[in-house]
Amino acid sequence: MLNKEKLFSGVYGLAVGDALGVPVEFCSREMLERNPVKGMEAGGTHRQKKGTWSDDTSMVLATLDAMSAGGLSFGMIMDNFKRWFVEAQYTATGKVFDIGGTTSAAIQNYMRGEPLERCGAADERSNGNGSLMRMLPMIYYVRLKYGLEVNPVAVEQIYKLSALTHANILSKVCCVYYVYIGMYIVEYGKEKGLHNAIKEAVEAVEKYYFVEQEEIPCVLQITGMDSLMDCVSLNREDIESTGYVLYSLTASLWCLWNTSSYAEAVLMAVNLGADTDTTAAITGSLAGIYYGVDGIPKEWLKELKNCKEITDICNRFYNQYK
């Protein structure tokens, strides 16, 4: 059964983190150390009003809305991405800004009539975080349809959703880690605690790749880590926060692991600098699931733009899968 509170807390957690990071996107860590973000701000990099969320939240809402029509239709999802890209649907203020190059190219490929499987870029240089940032709906969908076990059918669905824009195996595997971490937090966070839920999720994913698939996950090949869990014990200066998908995953996991509240987690993510909105959005989605809507500061929720759109889409998704 779909947990309505976990749905709303995850989506609102993502949107609030996104909005906190928008004004300082591309700012350096050193600059933010001198003047750290402490709450919602206006202006900044994109000259947006306070509480404005970006493409991260827009693409999550577009995906949720497509899935609310009755299932996981990749064509419907791309149709909604097109509506967002062309018509500014699913936006905070009626304007599209801050769209990634790989995502933009994929949507334009779709608009030119390319088959879905050829829209996303598969080369190693196209490993931004544009698919990871929009993967939240799969936490709810995979848990309902396939359960907690990491299995080839569920993994393939995650791969296909990532590949709409980001088709390289690194992006796909990072999405698998994220989805199962989120699912385990939904399922076991309250019972076993956040750390145990994360640890068991990572172990489950790595067992799937090492044992059942008899291959080393490309994430670990690239980093040299024995496990993704190694990232949580790194020092802050060793955490990268650019738009590279692996860095976004590890930075978000590090922020979540090393804090004890929603606010602390997303502010830590924002103040890492660089790709502030996406790091905070990913962190915020998982922190939101764990700490709940009540754990998100009320003043931040009040300042968030276009909450009606977020609530309406969450309600449609919930009514489809409850």
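Each reported figure results from applying straightforward, stated rules to the coordinates on display, with no laboratory input. A quick note: this is a predicted structure, and the numbers were derived from the prediction, not measured. All Cβ positions, glycine included, derive from the backbone under ideal geometry; neighbour counts span all protein chains shown.
A few notes on this one:
- Take every pair of alpha-carbon atoms less than 8 Å apart whose residues are at least six positions apart; their mean separation over the length of the range 173-322 yields a relative contact order of 19 percent.
- Cross-link reach list, lysines versus LYS145, counting only Cα pairs under 24 Å and skipping chain neighbours closer than eight places: LYS4, LYS6, LYS160, LYS172, LYS190, LYS192, LYS199, LYS207, LYS322
- Of ALA15, PHE26, LEU301, farthest towards positive along the dipole that unit charges on Lys, Arg, Asp, Glu beta carbons give the chain: LEU301
- Rg and Dmax [Cα atoms of the range 1-136; Å; Rg one decimal, Dmax integer]: 16.0, 49
- For the range 112-159, convex hull of alpha carbons as volume per residue, Å³: 114
- For the range 192-266, averaging the sequence separation of C-alpha pairs within contact (under 8 Å, six or more residues apart) and dividing by the residue count gives a relative contact order of 22 percent.
- Pairs of Cα atoms farther than 16 Å apart, the range 116-242, %: 63
- Relative contact order of the chain, defined on C-alpha pairs under 8 angstrom at six or more residues apart (%): 32
- With one equal scatterer per alpha carbon and no solvent term, the Debye-computed log10 I(q)/I(0) for the range 84-126 at 0.33 1/Å reads -1.12.
- Considering only TRP53, THR278, ILE181, and ranking their Cα positions along the charge dipole of the chain that arises from unit charges at the beta-carbon of Lys, Arg, Asp and Glu, the one farthest toward the positive end is TRP53.
- For the chain, fraction of C-alpha pairs farther apart than 24 Å, in %: 48
- Both radii were evaluated on the Cα set of the range 153-211; the Rg over Rh quotient, with Rh as the Kirkwood radius, amounts to 1.03.
- Reachable lysines, given that their alpha-carbon falls under 25 Å from the alpha-carbon of LYS50 and they are not under 8 places away in the same chain: LYS38, LYS95, LYS298, LYS302, LYS305, LYS308
- Using the Cα coordinates of the range 163-322, the gyration tensor eigenvalues translate into equivalent-ellipsoid semi-axes of 26, 19, 16 Å, sorted from longest to shortest.
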